[in-house]
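Structure record follows, encoded as structure tokens.
The values are calculated or read from the model by the stated rules, or taken from the named source; none is laboratory data. Since the model is a prediction, treat every value here as computed from it, not as a measurement. Here the Cβ positions follow ideal geometry from the backbone for every residue, glycine too, while neighbour counts run over all protein chains shown. Heavy atoms of the whole protein, side chains included, go into the accessibility calculation; ligands, DNA and RNA do not. Shrake-Rupley method; radii C 1.70, N 1.55, O 1.52, S 1.80 Å.
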Amino acid sequence: MFKVIGAGLPRTGTTSMKAALERLGFAPCYHMAEVMTHPDHVDRWLSVVAGEVKTREDWERVLAGYQAAQDWPASHYWRELADAFPEAKVVLTVRDPHKWYPSVRMLLSGENRPDPSADLADLPEFVRQVFASMERMRPAMDQIGQAYFGSDWHFGGDMVDEEAAVAVFERHVAAVKEGVPEQRLLVFDVREGWEPLCAFLGVDVPAGEPFPHLNDAESMRQAFERMSEGDMSAFPFGDTSR
């Protein structure tokens, strides 16, 4: 059963949330990493952006085997998921939007990542798979990103300026707050730690365990550099074996 809908934008602690939710028993948790490591998932999301996913049964197919979701592409469809799974709770991750801007700009523009158009023949199979999956996801990512940043934006291109991006962030937060009943929604900054998240989800706080804080901007940049050199252990989104 699908139980937790992530409604936060990328770079709002979604990788930390994936780890936290899985530690709390809501495993596995969907994340962009699943698309990167499971090439067949690309077809699922292409069917979503094509308008072919409409019913609960359709969404169960897209998210088959997962109990929760964080990050794009899933979090973009928070309204559809909230309608399809009325019993699921919604977590909106937030952070200072002025600190969010350079982080999401680095992620979406491809800054400090290997050029996917370069010759990848000498790279390990896993690295080639990641880039191939993301290239096939381009139509979906373009459509999702354009809903926030305008019709001229394309995945891998530069972002709108900071003022415009902050306005996008604030509109998104307001839309989720307006669109989800208060009792069903947690607005959450991962710096708050386990207590508010566990209270909202009705589970115990892991005793003696720090809340996971993963994948900050600098560590992600370094991870992509190491991956381009063939170090698959540097994959910045956790376990790739599932």
Exercise. When the Karplus curve 6.51 cos²θ - 1.76 cosθ + 1.60 is applied with θ = phi - 60°, which whole-Hz ³J(HN,Hα) does each residue of region 169-177 get, with x for Gly and Pro?
Worked result: 4, 5, 5, 5, 4, 5, 5, 5, 4
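What is the percent carbon and sulfur in the accessible area of region 7-109, measuring with a 1.4 Å probe over the protein chains and ignoring ligands? Kindly include the intermediate steps, with their values, before the conclusion.
Working: 1730 of 3400 Å².
Ligands and nucleic acids excluded, carbon and sulfur give 51 percent.
Hey, can you rank 194-202, 87-95, 206-214 by average C-beta count inside 10 Å, highest first? Please list the in-between numbers first.
Numbers: 194-202: 15.0, 87-95: 20.1, 206-214: 12.4.
Output ranking for 194-202, 87-95, 206-214: 87-95, 194-202, 206-214.
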Problem set entry | At most 14 other Cβ within 10 Å, DSSP loop - GluC sites (Glu not before Pro), region 45-77 | Glu52
For this session: Would you please state which residues of region 35-53 a label at Glu135 would reach in this model, taking the label point 7 Å out along Cα→Cβ and a backbone N cut-off of under 15 Å?
Result: 39
Seminar exercise, completed: Result for region 1-68: accessible area per residue, probe 1.4 angstrom, in square angstrom, of 33
Seminar exercise, completed: For the Ala199, Met1 Cβ pair and Förster radius 22 Å, calculated FRET efficiency rounded to 0.05 is 0.60
Seminar exercise, completed: Averaged over all viewing directions, the convex hull of the alpha carbons in region 1-70 casts a projected area in nm² of 4.7
